[in-house]
1. Among what's in the range 153-163 and is open to solvent by 20 Å² or more (accessible area, probe 1.4 Å) and in a helix (DSSP H, G or I), pick the residue that is nearest to E103 (Cα to Cα).
2. Quick one: would you say R141 is under 20 Å from M114 (Cβ atoms) and either crowded, with 23+ Cβ neighbours inside 10 Å or at pLDDT 95 or above (or both)?
3. Name the residue, out of F128, F117, F65, that is surrounded by 17 or more Cβ atoms within 10 Å (Cβ to Cβ) and among the aromatic types (F, W, Y).
4. Of the conditions (1) modelled with pLDDT under 95; (2) open to solvent by 90 Å² or more (accessible area, probe 1.4 Å), A78 fails just one. Which one is it?
5. For the range 49-96, which positions are part of a helix (DSSP H, G or I) and without any contact (Cβ under 8 Å) to a residue 24 or more places away in the chain?
6. What's the total number of residues in the range 49-61 that are farther than 20 Å from R162 by Cα and surrounded by fewer than 17 Cβ atoms within 10 Å (Cβ to Cβ)?
7. For the range 1-48, enumerate the residues that are open to solvent by 40 Å² or more (accessible area, probe 1.4 Å), part of a helix (DSSP H, G or I) and hydroxyl-bearing (S, T, Y).
8. Considering (1) in contact with a helix residue (DSSP H, G or I) (Cβ under 7 Å, 6 or more places away or on another chain); (2) within 13 Å of L170 (Cα to Cα), say which one K52 fails and leave the rest.
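The values are calculated or read from the model by the stated rules, or taken from the named source; none is laboratory data. The model shown is predicted, which means the values in this text are computed figures rather than measured ones. Neighbour counts are summed over all protein chains in view; Cβ atoms, including those assigned to glycine, are modelled from backbone coordinates with ideal geometry. For the accessible areas, the whole protein counts, side chains as well, though only heavy atoms, and no ligand, DNA or RNA atoms are used. Shrake-Rupley method; radii C 1.70, N 1.55, O 1.52, S 1.80 Å.
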Amino acid sequence: MKVYTKTGDKGTTALFGGTRVAKHHIRIDSYGTVDELNSHIGLIRDQDINTKYKEILIHIQDRLFTVGAVLATDPEKAVLKNGKERLNIPKISNENIELLEKEMDTMNEDLPQMTHFVLPGGHQTVSFCHIARCVCRRAERLASALNDIETVEPTTLMYLNRLSDYLFVLARKLSYDLKADEVKWIPEKQ
């Protein structure tokens, strides 16, 4: 199978179900940003970090493929003529969201209480987490905007929201584990 199809040479692409839309359509931007996020998470996973974090990140990457597939499906063609769903994969569940919450609670047990915003950085691995967090927030904004036009499954939006929180806590926990400085943002006085 060839990677190139030439079907998108005029600036359109196909959603799951065959509907063709412009490559700049908000649905394409939404799942493209989720793909970008998944790549950033792969970069975090490639760092010298705790094996448990790597396992959770692999699980997250799997779930992000599901988020991308959901976002790439034309809602009008999500159900086949026989009544079955076009996507024959497990959707984002409340358990997926609860896993992120549980992991955040566990990581937070070791962390000092946060009294200020923190400046992203301190260690390359931590910076990768902050970049992924920002990309996740962008994916969430795009999915939310798409939801204003065409309904997006609520658990998909919830997952992206919780994932950005998870990535923030992971950044803090990696700062702690790596003994990196966590620089507080203290606004300059006038």
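1. My answer is R162.
2. no
3. Of the residues listed, the single one that is surrounded by 17 or more Cβ atoms within 10 Å (Cβ to Cβ) and among the aromatic types (F, W, Y) is F128.
4. Unmet for A78, out of (1) modelled with pLDDT under 95; (2) open to solvent by 90 Å² or more (accessible area, probe 1.4 Å): (2).
5. Those that are part of a helix (DSSP H, G or I) and without any contact (Cβ under 8 Å) to a residue 24 or more places away in the chain: T51, K52, K54, E55, L57, I58, Q61, D62, E95.
6. Residues that pass the stated criteria total 2.
7. Of everything in the range 1-48, those that are open to solvent by 40 Å² or more (accessible area, probe 1.4 Å), part of a helix (DSSP H, G or I) and hydroxyl-bearing (S, T, Y) turn out to be Y31, S39.
8. Every listed condition holds for K52 apart from (1).
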